[in-house]
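Below is one structure, written out as structure tokens, with a few remarks after it.
The values are calculated or read from the model by the stated rules, or taken from the named source; none is laboratory data. Please read these numbers as outputs of a predicted model, since none were measured by experiment. FYI the Cβ positions are ideal-geometry reconstructions off the backbone, even for glycines, and counts take in every protein chain you see.
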Amino acid sequence: MRKTTSEELGMQPKQFRELVRRAEWTDYTMNVCRNYAQFNLAIVPKDYAFDFFHFCQRNPRPCPIVDVTEPGSPHPKLVAPNADLRTDLPRYRVFIDGELIDEPTDVTRYWSDDLVGFLIGCGITVGWALKAANVDYRSLGAYVSSIPCAVAGPFGGPMVVSGRAFKGSRDAVRATQVASRYLASHGPPIHIGDPAAIGVDITKPSVSYDQLPRPEDVLLWWGCGITPQYTAVAAKMPILITHKGGYMLVSDVLAEELANL
């Protein structure tokens, strides 16, 4: 992942989304638009939307829902009314009958009037809060764990988790305190310490930020919004569209607006 420039860090979300829409930004979104909340995306057919809503409701740590679009509408009215979910994320994943078939930068050709978009809280939002609290950490990426999700209709499977490495116990405790204010962005960690205890092989991330823990690090693990992607195989929906891990929707909502929701 390349280093974000100060201009990109200070960019306004609408300006950034226009850049993405023109396919002029194809990198991770982790450090763009300082202090603005980012969101995971899952787009499902209307016939599956109720079960998917239940899946998220039963698994709020990896899947905290913040906004849901009207069927056929690509505009998330609560978090970014002028955004277009078909074009405004740098990279998508498209599943047909549970199989990954494409990772495009634009999903307009896959769109139909019966699709419903779910905007799910993202750990990048907590990242801004940690930085504001002067808590130092390194992102380790996302991993498929052995923690089972609660099943809803055809949706189920393992929870995906994201890891952060902290220099010591003081920063780890402070991070837990800060993150606990952001239940709409995964809340506090679900596990502290040995990744093997939750079935994670630290050498095999699903999404890597080119970081590995150091012996002195304290590791904290959060539920991750990539989790819905791993329901695709079990659900075998006609179509499921998601973000690609690390390529999020940058919203008009400030991170602090999601505190204590």
So, in segment 71-127, how many residues would count as being of a type in the set (Phe, Trp, Tyr) and within 30 Å of Gly187 (Cα to Cα)? 3
In segment 91-109, is there at least one residue being outside the structural domain of Thr176 (by TED's automatic domain parsing) and farther than 21 Å from Lys244 by Cβ? no
Kindly evaluate Gln57 against the criterion of being in contact with a strand residue (DSSP E or B) (Cβ under 7 Å, 6 or more places away or on another chain), not assigned by TED's automatic domain parsing to the domain that holds Pro148 and not acidic (Asp, Glu). no
Looking only at segment 86-134, which residues are more than 30 Å from Asn260 (Cα to Cα), touching a Ser or Thr at 6+ places or on another chain (Cβ under 8 Å) and in a helix (DSSP H, G or I)? Thr108
Which one is surrounded by the fewest Cβ atoms within 10 Å (Cβ to Cβ) among residues in segment 244-261 that are more than 13 Å from the chain's Cα centre (by Cα) and not aliphatic (A, V, I, L, M)? Asn260
Segment 91-133, subset crowded, with 20+ Cβ neighbours inside 10 Å and among the small types (Gly, Ala, Ser), residue farthest from Val233 (Cα to Cα): Ala129
Hey, Ala232 hits all of (1) in a helix (DSSP H, G or I); (2) not assigned by TED's automatic domain parsing to the domain that holds Asp102 but one; which does it fall short on? (2)
Mind telling me which of the residues Ala83, Ala49, Ala23, Ala42 ends up being among the aliphatic types (A, V, I, L, M) and part of a helix (DSSP H, G or I)? Ala49
Could you run through segment 189-208 and say how many residues are surrounded by fewer than 18 Cβ atoms within 10 Å (Cβ to Cβ) and either assigned to a strand (DSSP E or B) or hydroxyl-bearing (Ser, Thr, Tyr) (or both)? 4
Can you tell me which condition Arg34 does not meet? The list is (1) charged (D, E, K, R); (2) at pLDDT below 95; (3) over 23 Å from Ala184 (Cβ atoms); (4) in a loop (DSSP other than H, G, I, E, B), and all the others hold. (3)
All but one of (1) more than 29 Å from Asn134 (Cα to Cα); (2) surrounded by 15 or more Cβ atoms within 10 Å (Cβ to Cβ); (3) touching a Gly at 6+ places or on another chain (Cβ under 7 Å) hold for Ile241; which doesn't? (3)
Consider segment 136-150. How many of its residues are at pLDDT 95 or above and over 17 Å from the mean Cα position of the chain (by Cα)? 4
Failed item in (1) buried (at least 17 other Cβ atoms within 10 Å of the Cβ); (2) part of a helix (DSSP H, G or I); (3) outside the structural domain of Met11 (by TED's automatic domain parsing), with Gly163 passing the rest: (2)
